[in-house]
Number of protein chains: 2
Amino acid sequence: MNLNFSDRMSNIKASEIRELLKLTEQPEIISFAGGLPAPELFPKEKIGEVAKEVLFNEGAFALQYTTTEGFAPLRKIIVEERMAPSGVKCDISNIMLTNGSQQGLEFSAKLFVNKGDVIICESPSYLGAINAFKAYEPKFIEISMDKDGMIIEELEKAIKENDNVKMIYTIPDFQNPSGITMSLERRKRLAALAAKYEIPVIEDSPYGELRYDNEKLPAVKAFDESGFVINLGTFSKTFCPGLRLGWVVADTKILQKYILIKQGADLQCNTLSQVIAARYMEKYSLDEHIASLIKVYKKRRDLMIDSMKTYFPKEVKFTIPEGGLFTWVELREDLDAKAIMEDALKEKVAYVPGGSFFPNGGKKNFFRLNYSNMNEEKIVEGIKRLGSVLDKYYCNCNSFEETAAVKED
Amino acid sequence: MNLNFSDRMSNIKASEIRELLKLTEQPEIISFAGGLPAPELFPKEKIGEVAKEVLFNEGAFALQYTTTEGFAPLRKIIVEERMAPSGVKCDISNIMLTNGSQQGLEFSAKLFVNKGDVIICESPSYLGAINAFKAYEPKFIEISMDKDGMIIEELEKAIKENDNVKMIYTIPDFQNPSGITMSLERRKRLAALAAKYEIPVIEDSPYGELRYDNEKLPAVKAFDESGFVINLGTFSKTFCPGLRLGWVVADTKILQKYILIKQGADLQCNTLSQVIAARYMEKYSLDEHIASLIKVYKKRRDLMIDSMKTYFPKEVKFTIPEGGLFTWVELREDLDAKAIMEDALKEKVAYVPGGSFFPNGGKKNFFRLNYSNMNEEKIVEGIKRLGSVLDKYYCNCNSFEETAAVKED
């Protein structure tokens with residue numbers, strides 16, 4: 001069988017997270033891999049009652065084809081209840097629903113990027129976005145972050161030095177994987193840069209509403225006067241990912257193009273889920289539900305950070321995120337987090353090695369930990385086990401270090 | 001605002017059907033446009049009960065992320081109950097779920113087609129597929145059909161004369177838009193050609209199970225010994241489109257690539273819909289539901305055909321499909337179905353002008369009629385009105401003919 005795939009397929013590799021998820025599905029593994037919300041917090045009975053009502057009362061509509069843009073009452077809820085509190089002024093003509101924000105990411109590259117064009121992103125960045133973008137054969141320029149997010153001077157320099165920058169990708173809140181939040185001042189400057197250079201900024205904000213400390217910051221889109229900022233939102237982390245409901249917020253001239261792409265891609269989002277989500281949110285307060293998530297996730301974050309302080313070797317660095325689902329661990333530069341993962345799996349604990357989060361590669365001494373999906377007991381036990389695995393690499397036992405350091409991908 | 005979209009966007013135009021659907025949403029319009037199933041036949045209460053049970057009993061799973069391939073029990077049902085009766089031998093490792101078969105179409109072009117490559121399709125062909133493929137900047141070669149489907153000699157000639165044919169697209173059962181069914185012999189020959197020339201055949205079969213006359217034919221995939229035939233199925237026409245559940249059946253080496261594309265595109269299909277569909281089909285017989293659809297649709301088809309015979313000018317040609325949702329009308333060569341549509345809309349009746357179903361353009365004297373979505377009274381009334389609109393163009397009143405003939409898109 002002599003198969004002849006398109007050129008773009010040579011860029012599309014299996015996502016390390018997805019492949020790992022399979023390994024870590026065994027119930028005895030304490031998994032800090034993945035980015036799954038806590039399933040015990042889904043309001044499943046409430047959704048069950050609403051689902052039945054929807055199907056009995058408006059089933060003929062909810063099971064039929066609908067418009068590509070999506071169900072208007074749900075888009076109205078997004079405008080009023082999700083975007084307005086982030087400082088984004090828009091109306092339903094600016095909103096199209098997508099299958100989670102992942103689909104918005106894929107569409108963005110399809111819309112803006114020709115082969116060989118440059119996409120600028122944070123270093124590191126969300127590997128699901130990197131993989132989606134790669135299908136359009138771009139070059140990536142990675143911009144360093146400090147504690148306030150992407151360094152804007154470095155960003156502007158990259159724009160000036162490359163005449164084919166077609167898209168700037170950012171996750172301003174509790175970034176995946178680093179946990180870093182972009183400061184208010186930099187959000188303003190990023191929106192201004194988008195306008196000045198007429199380059200679209202794709203603002204991906206799946207975790208923005210899951211903030212545990214300090215005040216919520218407005219979205220980058222809130223400072224967008226030019227129309228060049230495109231905001232991607234989702235209910236995956238604040239409601240349930242299985243419904244696959246995300247959205248794009250964009251200037252109508254841009255949104256029109258997203259709608260055309262969506263028509264070709266899959267016609268529309270799941271009608272039933274759209275109606276269930278809207279009816280649920282008309283009946284119950286999603287803000288209250290999010291408040292209950294924050295309570296649990298904040299506790300889990302605190303516990304993970306405290307446990308890392310207790311059980312990790314002192315030399316290991318990690319971020320303390322103000323919200324979201326992840327902390328990012330930096331090992332000594334000669335260590336390979338992927339090789340160490342094999343030891344971790346022997347101890348029945350899992351994380352995501354950080355290499356794939358750097359689109360241009362070359363960094364191996366990082367890993368990402370998720371704290372939303374494991375209960376408190378497992379968080380302490382898992383970090384304790386991970387601590388003893390790491391201890392071997394920090395105890396001056398050279399034989400262990402070499403094992404990890406020489407291992408190549 | 002100086003917007004700079006990717007080159008592929010110049011190929012992506014608004015679908016005529018989708019835009020028309022908006023016009024035809026007014027309840028006073030009798031619409032034979034669109035391809036919507038009859039919403040009054042959705043088993044909405046049964047689905048409502050199942051949905052509630054799923055959310056109460058297994059909601060934590062049904063609302064969470066799942067695998068990209070899809071929910072294994074649903075894939076098993078597809079293998080045993082949908083593919084086996086079509087003569088296709090496969091197991092769940094050959095099945096990936098998609099958001100309707102539309103997504104399978106888009107993925108197929110992404111997987112196989114580079115810019116400038118040739119896609120061969122029937123003439124005319126499904127405009128949603130044509131639009132999805134166009135994003136990958138192919139050339140199209142259209143192959144004529146007779147009453148037995150695509151003419152295989154013409155197909156083989158096109159393959160021989162072009163060294164960059166990357167995909168053959170066919171809708172063998174009750175083709176959209178023509179209503180034509182490919183004969184058994186041609187199915188075998190098409191599978192053999194795919195093997196001989198090592199070119200993937202994308203077999204799109206959304207209506208195959210909605211047969212009103214004669215015996216069901218095996219899928220082209222049933223004769224596939226080489227692995228080059230890829231079958232796309234869907235529950236959109238046999239269950240409900242709003243759940244967005246379709247599937248790809250392919251050799252595992254090919255399916256692995258579809259899975260990678262799906263990961264980047266939107267991670268996975270809606271988990272809740274997958275579980276609801278599986279539990280519904282474990283509890284109730286989908287075959288029985290399909291039998292009840294066939295009863296209604298057969299009656300509507302008969303009524304539409306009879307009404308056309310009664311009310312259309314005798315010179316107008318149309319197909320009598322053995323199943324599916326559409327009949328295809330051919331007007332006198334100098335007439336423009338798009339211009340006549342304006343007259344039809346004044347009479348509150350709508351169809352889809354046929355021009356967009358020819359990827360290389362140039363044909364204006366066709367239109368497509370759907371008979372699944374209107375009740376019997378409306379079918380008779382709508383065809384009657386359409387008949388009087390057409391009468392004006394066939395009554396030797398030259399002034400009318402000229403109006404329609406000179407109108408350009």
Item to check | Euclidean distance between Cα centres, the range A:57-106 to the range B:25-93, Å | outcome: 22
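Could you tell me the convex hull volume per residue, in Å³, taken over the Cα atoms of chain A? Could the numbers behind the result be given before it?
Details: hull volume 64.9 nm³, N = 409.
Once divided by residue count, the hull of chain A is 159 Å³.
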Checklist outcome for this item: In order over the range B:244-258: 3J(HN,Hα) from phi, Karplus 6.51/-1.76/1.60, θ = phi - 60°, whole Hz, x for each Gly or Pro, gives 6, 10, x, 7, 10, 10, 8, 3, 4, 5, 7, 4, 3, 6, 4
Checklist entry - Which of these, B:187, B:332, B:244, has the largest mean-square fluctuation under a Gaussian network model of chain B (Cα springs below 10 Å)? => result B:332
Checklist entry - Considering only the other residues whose Cβ falls under 10 Å of the Cβ of residue A:35, what net charge follows from Lys and Arg at +1 and Asp and Glu at -1? => result +2
Next on the checklist: With the label 7 angstrom out along Cα to Cβ, how close does residue B:361 come to the same site in each of the other copies, in nm, nearest first?
Outcome noted: 4.4
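Would you mind counting up the charge near residue B:172? Only other residues with Cβ under 11 Å from its Cβ, with Lys and Arg at +1 and Asp and Glu at -1.
Values: positive: B:186, B:187, B:221; negative: B:122, B:148, B:173, B:203, B:204.
Net local charge, residue B:172 excluded: -2.
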Next on the checklist: Just to confirm, what accessible area per residue do you get for the range B:54-172 at 1.4 Å probe, in whole Å²?
Outcome noted: 31
Item to check | Among B:235, B:366, B:112: highest mean-square fluctuation, GNM of chain B, C-alpha pairs under 10 Å | outcome: B:112
Checklist outcome for this item: Amide H contacts under 5 Å for residue B:228, restricted to residues at least 5 apart in sequence or on another chain and with H modeled in the peptide plane, are none
Next on the checklist: If I model a spin label as a point 7 Å beyond the Cα along the Cα-Cβ vector, how far apart are those points for residue A:288 and residue A:214 in nm?
Outcome noted: 3.1
Item to check | Helix B:184-197 vs. chain B, principal-axis angle (Cα, 0 to 90°, nearest 10) | outcome: 60
Next on the checklist: Nearest 500 deg cm²/dmol is fine: what mean residue ellipticity at 222 nm does chain A get from its DSSP H runs of n ≥ 4 alone, each adding -39,500 (n - 2.57), divided by its residue count?
Outcome noted: -13000 deg cm²/dmol
Item to check | Long-range HN-HN contacts of residue B:141 with modeled amide H, under 5 Å | outcome: B:119, B:120, B:121
Checklist outcome for this item: On the accessible surface of the range B:247-344, probed at 1.4 Å with all protein chains in place, carbon and sulfur together account for a percent value of 52
Checklist outcome for this item: Heavy-atom accessible surface buried between B and A, both sides counted, 1.4 angstrom probe, nearest 100 Å², is 7400
Checklist outcome for this item: Most fluctuating of B:166, B:298, B:257 in the GNM of chain B (C-alpha, under 10 Å) is B:257
Checklist outcome for this item: Expressed as a whole number, the average count of other chain Cβ atoms within 10 Å around the Cβ atoms of A:39-48 is 5
Item to check | Backbone HN-Hα couplings from phi across the range A:352-369 [Karplus 6.51/-1.76/1.60, Hz, Gly and Pro as x] | outcome: 10, x, x, x, 5, 7, 9, x, 8, x, x, 10, 10, 9, 10, 8, 10, 10
Next on the checklist: If you restrict to DSSP beta bridges whose two residues both lie in the protein assembly as shown, what percentage is antiparallel, to the nearest 5?
Outcome noted: 55
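How much of the DSSP beta bridge set in the range B:64-283 is antiparallel, as a percent to the nearest 5?
Working: 10 of 26 bridges.
Within the range B:64-283, antiparallel bridges account for around 40 percent of the total.
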Checklist entry - What list of ³J(HN,Hα) values in whole Hz, one per residue of the range B:273-288 in order, does the Karplus curve 6.51 cos²θ - 1.76 cosθ + 1.60 (θ = phi - 60°) give from phi, with Gly and Pro shown as x? => result 5, 5, 5, 4, 4, 5, 5, 4, 6, 6, 8, 10, 8, 5, 4, 5
Checklist entry - Helix A:376-394 sits at what angle to the longest principal axis of chain A, using alpha carbons and giving 0 to 90 degrees rounded to 10? => result 40
Checklist entry - What residues from the range A:347-366 fall in the zone where the backbone N is under 19 Å from a label point 7 Å along the Cα-to-C-beta line of residue A:162? => result A:356-363
Next on the checklist: Quick check on the range A:1-104: take the gyration tensor over C-alpha atoms, sort the square-rooted eigenvalues as a ≥ b ≥ c, and tell me if it's rounded (a/c under 1.5), prolate or oblate.
Outcome noted: prolate
Checklist entry - Starting at 0 and stepping by 5 Å, how many percent of the alpha carbon pairs of the range A:101-145 end up in each bin? => result 5, 24, 34, 25, 10, 1
Checklist entry - What spacing in nm lies between the two simple spin-label points modelled at residue A:225 and residue A:392, each 7 Å away from Cα in the Cβ direction? => result 5.9
Checklist entry - Given a Förster distance of 45 angstrom, what is the FRET efficiency for residue B:3 paired with residue B:57, based on the Cβ-Cβ distance and rounded to 0.05? => result 0.35
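Using a 10 Å cut-off around each Cβ of peptide B:130-136, what is the average number of partner chain Cβ atoms that fall inside?
Rounded to a whole number, the mean comes out at 3.
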Item to check | Equivalent ellipsoid dimensions for the protein assembly as shown as semi-axes, Å, which come from the Cα gyration tensor, largest first | outcome: 48, 27, 27
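Using a cut-off of 14 Å between beta-carbons, work out the net charge of the residues near residue B:286 (Lys and Arg +1, Asp and Glu -1, residue B:286 not included).
On the way: positive: B:46, B:76, B:82, B:237, B:279, B:283; negative: B:80, B:81, B:209, B:282, B:287, B:288.
Result for the local shell: 0.
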Item to check | Mean-position separation - Cα centroids, the range B:283-361 and the range B:141-186, in angstrom | outcome: 21
Checklist entry - Put a dot 7 Å past each Cα toward the Cβ at residue B:185 and residue A:302; how far apart are the dots in nm? => result 7.9
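Which whole number gives the average, over all residues in B:105-115, of C-beta atoms from other chains lying within 10 Å of the residue C-beta?
On the way: counts 3, 4, 2, 0, 2, 8, 6, 5, 4, 6, 3.
Other-chain Cβ atoms within 10 Å of each residue's Cβ, averaged: 4.
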Checklist outcome for this item: Spelling it out for residue A:352: with amide H atoms placed in the peptide plane at 1.01 Å from N, the residues 5 or more places away or on another chain with amide H under 5 Å from its amide H are A:368
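Could you list the square roots of 5 times each eigenvalue of the Cα gyration tensor of the range B:64-283, that is, the equivalent ellipsoid semi-axes, sorted largest first and rounded to whole Å?
Ellipsoid half-lengths, sorted descending, are 27, 20, 15 Å.
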Checklist entry - By how many degrees, 0 to 90 and rounded to 10, does the Cα axis of helix A:100-112 deviate from the longest principal axis of chain A? => result 80
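The values are calculated or read from the model by the stated rules, or taken from the named source; none is laboratory data. Remember, it's a predicted structure, so these values are computed and weren't measured experimentally. Because the Cβ atoms are built from the backbone with ideal geometry, glycine has one as well, and the counts that use them run over all protein chains shown. We work out accessible area using only protein heavy atoms, side chains counted, and drop any ligands, DNA or RNA first. Shrake-Rupley method; radii C 1.70, N 1.55, O 1.52, S 1.80 Å.
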